Amino acid sequence: MRLESQNKLEIFLKILLFIVLVYFPIFIHLETLPIRVWDEARLAINSYEMNKNGNYLIPYFEGQPDMWNTKPPLMIWLQVFFMKLLGPGVLAVRLPSAIAAFFTTVVLVIFSLKYLKNYWFGLIASLVLITSYGYIHTHATRTGDYDALLTLFTSIYALSFFLFLEHDNKKYLHLFFISIVLSVLTKSVQGLMILPALFIYMIVMRKLIILKNKWFYIDLMLCIIAIGSYYLTREHYNPGYLKAVWLNELGGRYLETLDEHKAPFMFYYNLLVEQHYIYWYFFVPCGIAIGIFAKNERFRRLTIFSTLLVTTYWLIISLAKTKMEQYELPLFPFLALIVAVMIYYIFNYLKDELVANKYLNFNIIPYVFIFIIVLSPYQKIIGKVYCPKESEVEEGYYQFSHFLQDAVKSRHSIKNYCVCFQDYNAHLLFYVNILNDRNQNITFKHSKNLLSGDLVVASQDGVKEYIENNYIFETTGNYKSVKKYKILGEKQKN
């Protein structure tokens, strides 16, 4: 009975340690930075409008079916859920990404327990993952973009496939196909980009058992029906949708450069080495070497699998004409597994092989080793999320967003003002919509169409210059580069 109580206490302490270590890099200060332009802002508007209009099939943007963002709406559904729970706001937009990141670490621990019968390997892999600069990042786990949720599902289906080949248990096959469906419903075709690596691994390791299982074909058919049903239903109610999908996501995005996102072949490699995996990249070749030559057959197969997946997926995204930094996100859990192979090898040596074991009642050395090796990257990632900082360019660009975010927090009022902003404005529109829900009567207006009596707020140098050169005005306030005006009339032109 005493032994059972000790086991329960040990399990509780391990779970508590895991939750505490993982929680802070993922969840703290999610709302500090304002909504980021492009994908997060677009999704924020899509979810805001879906929450208002109740159309859960077709995302809308400014009252019209969104034919620019053509991805299926699983991420938007989750954001709508949190908007209903918490109200429209930044936290509701970002929580799905953060929760997906948390569950990705849970997946790594569960996989380690299932396959390796080892908690510490899973914890090490999770710590490597959450201290990866490019993973705990904007356009990733810290903002309301698609990629953290996508990474959760691609990780589940890849590891489920691996476990099925190892154990021939149909529950892993079912989980594999369910996760594929969820991956596609998250980010369309990118959800399938892990599959070539799985096929290659199956051939290389001569594990064709999956092709002899009747459930493979049943699940495959159900998977195709589930995915096809959404696309065909959407096309029925939103004609032209499939054509837009082709242009935006399939041949268009992969074979052509969209929105000027052009970069050299080595873009993702350089990004990882120079910025996004700077603490851990040098462990990767060591982990591969140790894993491939390990005496433990399970570690060897896991290393081969993870290395093949990382290499194949990296090659696929590197060959694409359109390159964006968030496309690399599905690499991180498998890079973490490779790095964990090396760290765990040293940890296990210190735990089981060290001569000091003969002289110590409890060998604390391996745990001190993990603490030391993770301490610096963990401290830096906590610093990054606790006091998130914008680059000089971002700080200038997002001053208007900070201004509107403060208005939402009632730090100042812009009731009855019109916003003059000449570029893509989804990141501002989100805040304007929330303020208008509070009867603030805020509109967007072009600087050329201002009338006497208009109250105006502007931040762009060109817009402010136009207002000041063409109108008689009073300045009613300012916030850094943001200025508030009252228009008194037009200037006489000579």
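Remarks
- Beta bridges per DSSP with both ends in the chain, % antiparallel, nearest 5: 70
- Surrounding net charge for Phe299, when Lys and Arg each add one and Asp and Glu each subtract one, Cβ distance under 14 Å: +3
- If the chain linking Leu192 and Tyr386 were pulled fully straight, counting 0.36 nm for each residue of separation and taking away their Cα-Cα distance, it would gain 66.4 nm.
- Against the chain, whose longest principal axis is taken from its Cα atoms, helix 214-237 shows a tilt of about 0°.
- Segment 456-486 versus segment 75-148: alpha-carbon centroid distance in Å: 41
- Cα long-axis angle, helix 283-292 against the chain (0 to 90 degrees, to the nearest 10): 30
- DSSP beta bridges confined to segment 394-490 are antiparallel in about 65 percent of cases.
- Between 0 and 90°, nearest 10: helix 147-167 axis offset from the chain longest Cα axis: 20
- Efficiency of FRET between Glu490 and Lys52 - r from beta-carbon atoms, R0 25 angstrom, step 0.05: 0.10
- Which labelled figure in (1) 4, 17, 26, 24, 16, 8, 4, 1, 0, 0; (2) 4, 18, 28, 26, 15, 5, 2, 1, 0; (3) 4, 20, 32, 29, 13, 2, 0 is P(r) over Cα pairs in 10 Å bins from 0, in percent, once derived from the coordinates: (1)
- In this simple spin-label approximation, Ile472 and Ile209 carry label points 7 Å from Cα along the Cα→Cβ vector, and these lie 8.6 nm apart.
- The peptide list 180-193, 48-61, 9-22, put in order of mean Cβ contacts within 10 Å with the highest first, becomes 180-193, 48-61, 9-22.
- Of the peptides 311-317, 227-233, 467-473, the order by per-residue mean of other Cβ atoms within 10 Å, starting with the highest, comes out as 311-317, 467-473, 227-233.
- Pairs beyond 28 Å (Cα-Cα), from Lys323/Lys480; Lys114/Lys295; Lys212/Lys295; Lys14/Lys380; Lys71/Lys117; Lys445/Lys480: Lys323/Lys480; Lys212/Lys295; Lys71/Lys117
- FRET E, pair Leu86, Trp38, Förster distance 25 Å, beta-carbon r, rounded to 0.05: 0.60
- Length added when fully stretched, Leu220-Trp77, from 0.36 nm per residue minus Cα-Cα: 49.0 nm
- Highest to lowest packing among 404-412, 299-307, scored as the average C-beta count within 10 Å: 299-307, 404-412
- Taking the Cα centre of the chain as origin and assigning +1 to Lys and Arg Cβ atoms and -1 to Asp and Glu Cβ atoms, the resulting dipole is close to 1080 debye.
- Stretched out straight at 0.36 nm per residue, the stretch from Leu247 to Asn296 would grow longer than its current Cα-Cα span by 12.9 nm.
- Calculated FRET value between Asp461 and Gln440, using beta carbons and R₀ = 25 Å, to 0.05: 0.45
Every number here is computed from the coordinates shown, using simple stated rules; none is lab data. Computed from a predicted structure; not experimentally measured. Note that we place each Cβ from the backbone using ideal geometry, even for glycine, and neighbour counts take in every protein chain shown.
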